[in-house]
Amino acid sequence: DAMVIQNPRYQVTQFGKPVTLSCSQTLNHNVMYWYQQKSSQAPKLLFHYYDKDFNNEADTPDNFQSRRPNTSFCFLDIRSPGLGDAAMYLCATSSELDYEQYFGPGTRLTVT
Amino acid sequence: SQQGEEDPQALSIQEGENATMNCSYKTSINNLQWYRQNSGRGLVHLILIRSNEREKHSGRLRVTLDTSKKSSSLLITASRAADTASYFCATLLSGNTPLVFGKGTRLSVIA
């Protein structure tokens, strides 16, 4: 049974057109993370929520924002996608910050 | 800055052989984790080893941690074609900071 679900799996958006990626979890974990991963690179943490507390990485562009309306759901909003934002976006959860993370299958974003 | 660095960047072996991947890091850690990623998919957690542990096993996987050398190794014994994937080490620094992933090792197991 899927524990971390990401929708859609593939998303195509136009340059500058806002896009929202979604993530849901059935694990009831406290922490939810969003990563950006470009081809043959390491996942790069954008931000994470510990419960309702939002933690933004220092180098995450302002173009990226996130919402966590409840324990189960977390959204990644890209306000004005550029060509450089084309990547795989991975959502992950963990029960605590120092525990293992469970990843969703990812959403591959294409910007045209 | 990158905390974990895997070595080698790419590894190609025959099915049945053992595969060893290494990870070095720079600062004191709370724990170190290894993940596998199949092409175009999400990451799968393999093993977590805490800073006070030296070795852990899980099936065909063996992870060692040497905090004096700031290094870890992942050994996959009797490799299978299905082990073909990228393997990432990730370090959790002391204090409540999130994981930092290394660049990964791409393992190819040839049947």
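Quick notes on this structure:
Here is a yes/no grid of residues against (1) facing chain A (nearest Cβ under 9 Å); (2) at pLDDT 95 or above; (3) on the phi < 0 side of the Ramachandran plot:
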site: B:Leu11; (1), (2), (3): no, yes, yes
site: B:Asn18; (1), (2), (3): no, yes, yes
site: B:Ser28; (1), (2), (3): no, no, yes
site: B:Val44; (1), (2), (3): yes, yes, yes
site: B:Ile47; (1), (2), (3): yes, yes, yes
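Yes or no, residue by residue, for (1) small (Gly, Ala, Ser); (2) open to solvent by 30 Å² or more (accessible area, probe 1.4 Å); (3) within 22 Å of A:Pro8 (Cβ to Cβ):
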| site | (1), (2), (3) |
| --- | --- |
| A:Thr26 | no, yes, yes |
| A:Lys38 | no, yes, yes |
| A:Tyr49 | no, no, yes |
| A:Glu57 | no, yes, no |
| A:Ser72 | yes, yes, yes |
| A:Phe75 | no, yes, yes |
| A:Arg79 | no, yes, yes |
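- Meets criteria (touching a residue at least 60 places away in the same chain (Cβ under 8 Å) and within 26 Å of A:Ala87 (Cβ to Cβ)) for B:Glu5: yes
- Taken over region A:81-97, the criterion of being open to solvent by 40 Å² or more (accessible area, probe 1.4 Å) and not aliphatic (A, V, I, L, M) is satisfied by A:Gly84, A:Glu96.
Here's the yes/no breakdown for (1) in contact with a Lys or Arg (Cβ under 7 Å, 6 or more places away or on another chain); (2) within 14 Å of chain B (Cβ to nearest Cβ); (3) assigned to a strand (DSSP E or B):
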{"site": "A:Asn70", "(1), (2), (3)": "no, no, no"}
{"site": "A:Leu76", "(1), (2), (3)": "no, no, yes"}
{"site": "A:Met88", "(1), (2), (3)": "yes, yes, yes"}
{"site": "A:Cys91", "(1), (2), (3)": "no, yes, yes"}
{"site": "A:Asp98", "(1), (2), (3)": "no, yes, no"}
{"site": "A:Pro105", "(1), (2), (3)": "yes, yes, no"}
{"site": "A:Thr110", "(1), (2), (3)": "no, yes, yes"}
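- Taken over region A:35-48, the criterion of being away from chain B (no Cβ under 11 Å) and under 12 Å from the mean Cα position of the chain (by Cα) is satisfied by A:Gln36 alone.
- Residue count, region B:26-57 (criterion: open to solvent by 20 Å² or more (accessible area, probe 1.4 Å) and not in a strand (DSSP E or B)): 11
- Single condition A:Ala2 does not satisfy, out of (1) modelled with pLDDT of 95 or more; (2) within 19 Å of B:Gln37 (Cβ to Cβ): (1)
The values are calculated or read from the model by the stated rules, or taken from the named source; none is laboratory data. Quick caveat: nothing in here was measured; it's all calculated off a predicted structure. As a convention, Cβ positions derive from the backbone with ideal geometry for all residues, glycine included, and neighbour counts pool all protein chains shown. The protein model used for the area step is the full one, side chains on, heavy atoms only, and it has no ligands, DNA or RNA in it. Shrake-Rupley method; radii C 1.70, N 1.55, O 1.52, S 1.80 Å.
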